[in-house]
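I have placed the structure first, in the form of structure tokens, so that the comments after it can refer back to it.
The values are calculated or read from the model by the stated rules, or taken from the named source; none is laboratory data. Computed from a predicted structure; not experimentally measured. Note that we place each Cβ from the backbone using ideal geometry, even for glycine, and neighbour counts take in every protein chain shown.
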Amino acid sequence: MAEEPRLPPRWWSELNASLDALASQRTNRIATPDTETITQELVTRTIRQVFPGIDATVSEWCPAHADLNWANVTAPEFCLFDWEDWGMAPRGLDAATLWAASLAVPALADRVRVERSGDFASRDGKLMTLFVAAKILGPHAHPEDPRLEGARAVAEQMAKELQAD
């Protein structure tokens, strides 16, 4: 996404209500973000390749869409589709994924962080922020990726907060 969409307040409230309702459910299905089954080992490995000193142990797993990006939602009426990756995942995965997809438009990334502040404030939400940021900042980072600066700034803050806990 290269520019901020003009989303009405109702759109944001429907996004929040949908994600909250999803997270309150239970399933035996495991999420597959980027077509890879999410496990504690995957979370730890991904985070530690960029943030080696972080205890990446997840404590809260809940259902997630696991592919929440701007290609999988509609506007101005909210609809979330493309559900093949959904399943249990660490709390905050969806919020962090949408935030990462918004980083090229800083005001939009900030709005995602405000709207999903409960997820981002949780320890697991901070870990998921590092998880998605590590994918942007890791060994295959492209130097011209417009998401780099925003990902680095927020991830460094999350890493400091996690190390202080």
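For the range 61-80, a residue qualifies if it is touching a residue at least 12 places away in the same chain (Cβ under 8 Å) and outside any loop (DSSP other than H, G, I, E, B), and the qualifying residues are TRP61, CYS62, PRO63, ALA64, TRP70, VAL73, LEU80.
The set of residues from the range 101-138 being in a loop (DSSP other than H, G, I, E, B) and in contact (Cβ under 8 Å) with a residue 60 or more places away in the chain comprises ALA104, VAL105, ARG116, SER122, GLY138. In the range 61-78, of all residues being surrounded by 13 or more Cβ atoms within 10 Å (Cβ to Cβ) and of a type outside the set (A, V, I, L, M, F, W, C), the one that is farthest from ALA141 (Cα to Cα) corresponds to PRO63. Exactly one residue out of VAL43, VAL58 is modelled with pLDDT of 95 or more, on the phi < 0 side of the Ramachandran plot, part of a loop (DSSP other than H, G, I, E, B) and not hydroxyl-bearing (Ser, Thr, Tyr), and it is VAL58.
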